[in-house]
Amino acid sequence: MNCPYNACIRETHELRIREGDGEMLTEGLVVVHEYLGEAEQRLRRLVLRGPIAKTAKAGQFVAVQVQDSSISSFDPLLRRPISLAEISLDEDEITLLYRIQGRGTEILARARCGERLSIMGPLGQGFSMPEAGELWLVAGGIGIFPLYALAQSALAQGLTVRLFWGGENQSFLVSAGLKAWQALGLPIHLSTLDGSLGDIGLVTEQLQGRLLQTFGQTKLTDQAHQLSLNQIMVATCGPKRMMQAVTELCMNFAVPVQVSMEERMGCAVGACLGCVCTLINKEGTLIHKKVCQDGPVFRGEEVVWDESC
Amino acid sequence: MSPVDFTTMLAGMTLRNPVLTCSGTYGFGEEYVNYCPLEALGGITLKGITPLPRLGNSVPRLAETPSGLLNAVGLENPGLEEFLRSYLPKVRKMPTEVIANISGFSLEDYVQMANALQSDSGLAALEVNISCPNVKHGGMHFGTDPCSAEEVIAAVKATTDLPIIAKLSPNVTDIVGMARAAQRGGADALSLINTLLGMRIDIDQQRPLLANTFGGLSGPAIRPVAVRMVWQVADAVDLPIIGMGGITTWQDAVEFLLAGATAISIGTGNFVNPQAPLDILEGLKSYCQKHGRSTVRDLVGLAHKA
C-alpha cells in the first residue's frame, strides 16, 4: 500500500479561475430513459434537457443526484459522476450512457420521463482537440461512452477519426451503440475477448498493429517522422490497465495520448480531494491532481499508473 | 413576515449568520462559488494545513456507506509556506469570515503555524484540528488525551492573537472531559464533531475498501452522535459550540441549535446539495418566524430548558 515515492513535494497548487466556465447546479428534464440495446447488458441511455448542453464539451461530466423522487432520502448519499456521451446544442440536451452496477445506478435507472433530476455540471476538463490530422479513439468496454461526443465534435471540426474498440463479446458491442458509431462513417477496429465480433483479443493489439503499420517496425525519432507523428493524437477511455497499455504504446511512437481517468468522487468540484490521480511533472516530481476538477482527462505520459500512489 | 436577525457572536467574531462550512469539505473557498456565493455564508473553514506539504493517502480515499461517507484523504495540503504565498492573499479578499484549520504531528508544528497566522493575516479565527483520524498521530492523540489537548490549545493560544476554536474528536469515551481540557487550554470555541472512525471491506476483493484501511465517517449517518455530544458539552462547558456532523437540511441545523450549538457547519452536506447553506438559511428564517423568534440566537440551547 505504501507509495514508493513517499517524499513530500512542493507543488504550486494553482488556483483556478472559474468565472464564466458555465458550471452550475440545475435540473435536467428526463426526455428519454431507456435500455441501450439488450436489457441483460444493463446499459441505460438517459437524455436530459437543460442549460448544461450550452457550455459542455466532450470529456466533461455531470454529477447526478440519484434519489427516488417520491421519497426524499440520503441513501445513497453522493451524486454519481457520469460522462457526457452526446451534447446536443440544438435541443439543449445531454445524453448520459451508464451501466447499472450498484445501488445508485439502480435507483437512477428508475427515473421516468418528465421527472427532473438535480445535476451539477458541466464538470472537469474535457478532451483537447488537435487542430488538424487524425484522432484515434481507443475504448475498452463502456469506456466508449464519452468518446462518442468527442468523435462528433472532431468530425464537425473536419478531423479524421478512427475507432479502436474492445469489448467482451458481440452482444455487448452491439448493445453499447455499435450502430451509432457505424453511422458516423469512420473506420472501426473491433476486438472481442471471445472473437464473436472483430478480432479475438485485446483492443491494444489492434492499436499496436495499426501503429506499426503507420510508422514501421522501428521506434522512430528522426525529424521527418516526428512531423508525421504529430498528425495523430490518441484519446482513450476504459479500464486503467488498458489505458496504461495504450499510453505505453503511444509513447513508443511519440504519439500524444489523452486518458480519461475514473475515481470515486465526493464533491465533484475539487473541494474534498477524494479523487486524486498521481502525475509526474516535467521536473520529475510526483504531484496529485484532482480527477474531478483538473481531469478527468489527463495527458497519458504524465500519469503514474502505480496503484499505490 | 417579521425579519429575523441572524447575527451570531462567536469567539470574538461577529458572523452575519450562524451557517459555516466544514474544513476539508470546502477546499480553500473557491470551489463552490458557482453554487453558493461566499457572501451568503457566515463563514468558511479552510482545508486543514500542516507545516510541510503532504501528498496524503493513496486512493481509494472514499467509500460510501448508508447515508454516510468514509474518507481517508490523509491531510493532503500544500503546506504552510505555499498556503501563505498562494492562498492567503486570495482568502483575505473573500467576502465572508475565513477560519484557517491547522493540523500537526507535534506541539512545535502547531506553534509554528499559529505563529504564522495572526489577526493581521485577514483570517477571522484558527480552528485547531486535534482530531484527524486518517494519519498516524494526525493530531488525534492530542484529541484523545485531555492533557495533550490542553497543552496544545494553550500553546497555540499563547502564540497567536486569533480566536482559537478547538475541533474535537468524537472517538473518545468522555467528550465532556475533552471539551473541559480545551477550555482549560484557553479555547474560545469548540467545533463538535470531527468524523467517527470506521471502515468498509470489499467482499469481492476480500480486503479493506479504503487504501488507508480506516477512514472518518461523516454525513447524515453520524448526526445523532453529533447532536448528543453537542448536548452533553453544552450542558457542561461554558464555551460557544459550532455544531457539525451530518447537517444537510434546515431541520438538521435546528436540531443542533436547540441542542446548544451557537453556530452550525455544513460539510458532507455540500456534496449532496451544494446549495445546502442557502436552503438551510431559508429554512431557519421560516422556522424562527413560525415560532415567533426574532433572532436565531433565541434557539440556542432551547431544548435544554424544556
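Brief remarks on what is shown
- In segment B:236-277, the residues that are crowded, with 22+ Cβ neighbours inside 10 Å and small (Gly, Ala, Ser): B:Gly243, B:Gly245, B:Gly246, B:Ala253, B:Ala259, B:Gly260, B:Ala261, B:Ala263, B:Ser265, B:Gly267, B:Gly269, B:Ala276
- Filtering segment B:253-283 to residues that are in contact with a strand residue (DSSP E or B) (Cβ under 8 Å, 6 or more places away or on another chain) and assigned to a helix (DSSP H, G or I) leaves B:Ala253, B:Phe256, B:Leu257, B:Ala259, B:Asn270, B:Phe271, B:Ala276, B:Pro277, B:Ile280, B:Leu281.
- Among residues of segment A:157-173, those that are over 19 Å from the mean Cα position of the chain (by Cα) and under 17 Å from A:Gly141 (Cα atoms), counted: 3
- Residue check, B:Val233 of a type in the set (Val, Ile, Thr) and open to solvent by less than 10 Å² (accessible area, probe 1.4 Å): yes
- On the stretch given as segment A:250-292, residues that are at the interface with chain B (Cβ under 8 Å from one of its Cβ atoms), assigned to a loop (DSSP other than H, G, I, E, B) and open to solvent by 20 Å² or more (accessible area, probe 1.4 Å) total 4.
- Among the residues of segment A:272-309, those that are more than 21 Å from A:Ala85 (Cβ to Cβ) and in contact with a Pro (Cβ under 9 Å, 6 or more places away or on another chain) comprise A:Gly274, A:Cys277, A:Arg299, A:Gly300, A:Glu301, A:Asp306, A:Ser308, A:Cys309.
- Test result for B:Gly177, touching a Lys or Arg at 6+ places or on another chain (Cβ under 6 Å) and surrounded by fewer than 23 Cβ atoms within 10 Å (Cβ to Cβ): no
- Test: residue in segment B:149-158 that is surrounded by fewer than 20 Cβ atoms within 10 Å (Cβ to Cβ), of a type outside the set (A, V, I, L, M, F, W, C), more than 16 Å from the chain's Cα centre (by Cα) and modelled with pLDDT under 95: yes
- Extreme residue, farthest from B:Asn77 (Cα to Cα), among residues of segment A:293-309 that are in a loop (DSSP other than H, G, I, E, B) and hydrophobic (A, V, I, L, M, F, W, C): A:Trp305
Rundown of residues vs (1) surrounded by 24 or more Cβ atoms within 10 Å (Cβ to Cβ); (2) more than 11 Å from chain A (Cβ to nearest Cβ); (3) of a type outside the set (Phe, Trp, Tyr), yes/no style:
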| position | (1), (2), (3) |
| --- | --- |
| B:Ala40 | no, yes, yes |
| B:Leu69 | yes, no, yes |
| B:Lys90 | no, no, yes |
| B:Leu107 | no, yes, yes |
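- B:Gly27 out of contact with any Ser or Thr (no Cβ under 8 Å at 6 or more places or on another chain), under 24 Å from B:Leu192 (Cα atoms), among the small types (Gly, Ala, Ser) and within 11 Å of chain A (Cβ to nearest Cβ): yes
The values are calculated or read from the model by the stated rules, or taken from the named source; none is laboratory data. Predicted, not measured: the structure shown is a model, and the values here were computed from it. Quick reminder, even Gly has a Cβ in these numbers, built from the backbone with ideal geometry, and neighbours come from all protein chains shown. Note: accessible area is taken over every heavy atom of the protein model, side chains too, but ligands, DNA and RNA are not part of it. Shrake-Rupley method; radii C 1.70, N 1.55, O 1.52, S 1.80 Å.
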